[in-house]
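The values are calculated or read from the model by the stated rules, or taken from the named source; none is laboratory data. The shown structure was predicted, so the numbers you read here are calculated from the model rather than taken from an experiment. Cβ placement follows ideal geometry from the backbone for every residue including glycine, while neighbour counts extend to all protein chains displayed. Surface areas here come from the heavy atoms of the whole protein model, side chains and all, with no ligands, DNA or RNA. Shrake-Rupley method; radii C 1.70, N 1.55, O 1.52, S 1.80 Å.
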Amino acid sequence: MSKVALRNFWFQFHKWIGLLLAIAIIPISVTGAALVWHDALDKALNPQRFAFTQTEAKLDPSAYAAAAQRVLAPGERIVSLRFAEGEPVMIAAAQPRKDGARGRPGRTVVYMDPGTAKVLDKADGNAGLVRFMHGLHGSLLVPGVGRQIVGWIGVAMTISTISGLWLWWPTVGSWLKGLRWKRHRNFDTNLHHQMGFWIALPLFVLSLTGAWISFPAFFGKLSGDVQQARPGQPDRMAMMRAKPLPNPVTSLDQAIASSNALAPEPVTSVNWPTDLKPEWSVSKNGKTVSVDDASGAAKLDKARGERPETTARLMRRIHDGTDMGVVWQVVIFIGGILPAILAITGIIMWWRARKWRGDLAKRQRRKAVAA
């Protein structure tokens, strides 16, 4: 294949990837940019959840559970409790499953003042703008296969960044000529070339990590991060569908008291026993203690208590900016805005070229008729 033919191939590939996926790339990119500032966005949209008097939990966990239970609807059962400094105490409850319904049951989240256990807000776990953006970014709100669709878009975008850089590279002379603003007479084309070059590397990283998150099993085999399920333990998807026990034998206070013998640190989260796994899970600053609901016996769960930095977890942090510093978070934000602009300018360029070719064909037909 000649150099001209190869360049034309990459041009066609790059063009049609952008045109066919533009309707999906734009919402995925824009929501990804916004979710970099997830916490700030949540506080701005839901200020009532952060109107607490103290930032540290002052009461026993059972006091928060009791306060939440009073505002929950009949049939809703608590599944988890979470403490985090500077945030409201959060309790999640499973909503009653409708007859014939499958999949993970809905969640109701109760937000409480850490100092007084006063209920600040109650909301459906899948409601709200931030939750909507998470769903749109992660699965395009398509049930079942949405995550895989987003993953394949990430693969296509990874290849598209390579092809875009190929097309940006000047065919004649030094690569520095590619940095010139006026490579074309149209503003949108120049904008497309320049933004495409400067965002190519970050966009490649974000697209690759997005695909990694969407296909954890495939990439886990490549990186060696595949985690084998422990014998007798249900898989992750089954656990998400599990129902909390209606009347646990061991109370919340008893479970925490049992866990204190193995880990005396302050409680950071608690998961209630379920029909698939009848044991309490008490987390304490990186340690996790499992307490059997029937006997009250506690054991330190090292598999969950020790969380090494796996490749999969690193990919997720790179993708969403968690603990990556403000500079990379700004890069992610820009890396979310620019692809949307690239998609729009790409459509404009395609439409103008299409119109130009149409006008050229008309002129040629007129000349043929006149001849």
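Take the residues in region 28-43 that are open to solvent by 50 Å² or more (accessible area, probe 1.4 Å) and part of a helix (DSSP H, G or I); name whichever of them is farthest from Gly86 (Cα to Cα).
Taking the candidates together, the pick is Val30.
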Among (1) free of Cβ contacts under 8 Å to residues at least 40 places away in the same chain; (2) outside any strand (DSSP E or B); (3) not hydroxyl-bearing (Ser, Thr, Tyr), Ala117 falls short only on (1)
Filtering region 1-27 down to residues that are surrounded by fewer than 12 Cβ atoms within 10 Å (Cβ to Cβ) and among the charged types (D, E, K, R) yields Lys3
Selection from region 267-295 of residues under 15 Å from Asn247 (Cβ atoms) and open to solvent by less than 30 Å² (accessible area, probe 1.4 Å) yields Pro273, Thr274, Trp280, Asp293
